[in-house]
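A short reminder: the numbers here are calculations on the coordinates, not readings from a lab. What you see is a predicted model, and the numbers here were worked out from it, not measured in a lab. Glycine also receives a Cβ, built like all others from the backbone with ideal geometry; neighbour counts cover every protein chain displayed.
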């Protein structure tokens, strides 16, 4: 392969974080194709984890924790906006905690919702 061919060779697009959900479960597809999932009926906690690595690296993750499954979803994942709208429908979901988390530039965890607990 010539130098110019190698220089201008198209590279395969890198994978993206994608999250989809339906009435049964939430599924995150990692850039390498691996899957993480949690069933709605198993979901126990919704947390936001922030790091001090921004703004040039992902620094906000949605942590969806179940008894038997879970997802760590970067805030910039494709489909996260739609998932947030659905999460906000959970009884007792705390939008004010989301606002506080989005303003954080530190390593911290914020509990937005927990099954069976009035936050």
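Before moving on, here are some points about what is shown:
- Odd one out for residue 20, checked against (1) assigned to a loop (DSSP other than H, G, I, E, B); (2) more than 20 Å from residue 111 (Cα to Cα); (3) in contact with a helix residue (DSSP H, G or I) (Cβ under 9 Å, 6 or more places away or on another chain): (1)
- Within segment 70-90, the set of residues being crowded, with 17+ Cβ neighbours inside 10 Å and within 14 Å of residue 38 (Cα to Cα) comprises 70, 71, 73, 83, 87.
- Against the conditions (1) touching a helix residue (DSSP H, G or I) at 6+ places or on another chain (Cβ under 8 Å); (2) under 15 Å from residue 21 (Cα atoms), residue 50 satisfies every one except (2).
- Residue list for segment 36-60, filter: closer than 21 Å to residue 92 by Cβ and assigned to a strand (DSSP E or B): 38, 39, 43, 44, 45, 46, 47, 48, 49
- Residues of segment 76-85 satisfying the condition of being more than 19 Å from residue 57 (Cα to Cα) and touching a helix residue (DSSP H, G or I) at 6+ places or on another chain (Cβ under 9 Å): 84
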